[in-house]
1. When A165 is evaluated against the numbered criteria (1) among the aliphatic types (A, V, I, L, M); (2) within 16 Å of the ligand (Cβ to nearest atom); (3) surrounded by fewer than 20 Cβ atoms within 10 Å (Cβ to Cβ); (4) in contact (Cβ under 8 Å) with a residue 60 or more places away in the chain, which criterion, by number, is the only one it fails?
2. Which ones in the stretch 107-127 are within 16 Å of the chain's Cα centre (by Cα), near the ligand (Cβ under 9 Å from one of its atoms) and in a strand (DSSP E or B)?
3. Quick check on my filter: what residues within the stretch 140-157 are in contact with a Gly (Cβ under 8 Å, 6 or more places away or on another chain), assigned to a strand (DSSP E or B) and within 16 Å of H188 (Cβ to Cβ)?
4. Could you pull out the residue among G190, G237 that is within 21 Å of V39 (Cβ to Cβ), modelled with pLDDT of 95 or more and not hydrophobic (A, V, I, L, M, F, W, C)?
5. Report the residue count in the stretch 158-187 for those that are in a loop (DSSP other than H, G, I, E, B) and either among the small types (G, A, S) or at pLDDT below 95 (or both).
6. Does R69 satisfy the condition of being of a type in the set (K, R), open to solvent by 10 Å² or more (accessible area, probe 1.4 Å) and in a strand (DSSP E or B)?
7. Looking only at residues that are modelled with pLDDT of 95 or more and of a type in the set (S, T, Y) in the stretch 62-106, which one is nearest to the ligand (Cβ to nearest atom)?
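The values are calculated or read from the model by the stated rules, or taken from the named source; none is laboratory data. Keep in mind that what you see is a predicted model, and the values were worked out from it rather than measured. All Cβ positions, glycine included, derive from the backbone under ideal geometry; neighbour counts span all protein chains shown. What goes into the accessible areas is simple: the full protein's heavy atoms, side chains included, and nothing from ligands, DNA or RNA. Shrake-Rupley method; radii C 1.70, N 1.55, O 1.52, S 1.80 Å.
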Amino acid sequence: MSGPVASADVPAEPQRAAPEACVLEITQSREGRVGAIGVRRALPRRGRRTVGPWCFVDHMGPALISAPRGMDVAPHPHIGLQTVTWLLEGEALHRDSLGSEQVIVPGQLNLMTAGWGVAHSEEGTGSYDGNLHGVQLWIAQPSATRDGPAAFEHHSELPHRDLDAAVATVLVGDLDGTTSPARRDTDHLGVDLALRAGVTTVPLRADLEHALVALVGAARLDGQIIEPGHLAYLGTGRTEISLAAREPTRALLVGGVPFDEEVLMWWNFVARTRAEIIEAHRAWIAADDRFGRVDSPLPRIEVGPPPWSF
Ligand code: MN
């Protein structure tokens, strides 16, 4: 999915909020649109740019779509990040400049690594009528891999485990010994929690910072209610959380070792300097070899240069 990450989301200046221990900060997501679908953007936000390496969290839909329309996010470029696509309802078609063409349905993971540069589209499958509902997230790549080659992975099955009144599916990383096969360039995790009515204890690592995003229903944590449209930042230092639900509830847990590099984000780029972003934008507009070509019926997305480049 495409950003854009605008200055309203996050100033285009390096800025870091230090991780805090055992807090519970609930913030309201920003409403936006990506393609034809309404989204709630939980990250980035002022004062909290990253949770571990997670730097972008969009909760999209549920939105009713009718064939042949779908997500309809036209080809656009990325650098320096991984995109994570996870659906609760519906289906989508991923195409990228590596030649990947992959349908994704609920329970599966698409993980694209941009590295030095990749382009992709997110399209309808042409045959689906119904709700589209899911999340797309970005993971900032560390300097060790961010200038490396692009890659794409599809995982049709992921490991899951029963907790008290929940099933936890590990998209990325490790939850107390249950480990996803997905590529990981830093020490982080992403877990889907399908809660039934009841109370569930989720084991956490105290050295990671975590956040929870509610996707369906509502969960009570530390006496506060977390609902869709909320990002609940949990800080570091927790060895577990206790989540209570009264009805079937879905939530996404993200976390990681606090990211120790200053991240600069603009449009679909995660970089370190303005010069890197200006050069990536120039390469995309010039349609040179850096980003390659996506075999898509949709026209490529172009935007003007960053405001600080002229
Ligand atoms: Mn994208």
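1. (2)
2. The answer is M112, H120, S121, E122.
3. Correct list: A140 only.
4. G190
5. Looking only at that region, the number is 5.
6. Spelling it out, it is not the case that R69 is of a type in the set (K, R), open to solvent by 10 Å² or more (accessible area, probe 1.4 Å) and in a strand (DSSP E or B).
7. The residue in question is T83.
Conditions tested, residue by residue: (1) closer than 28 Å to G52 by Cα; (2) more than 16 Å from the ligand (Cβ to nearest atom); (3) not small (G, A, S).
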position	(1), (2), (3)
E209	yes, yes, yes
V216	yes, yes, yes
I225	yes, yes, yes
T236	yes, yes, yes
E261	yes, yes, yes
N268	yes, no, yes
F291	yes, no, yes
I301	no, no, yes
P305	no, yes, yes
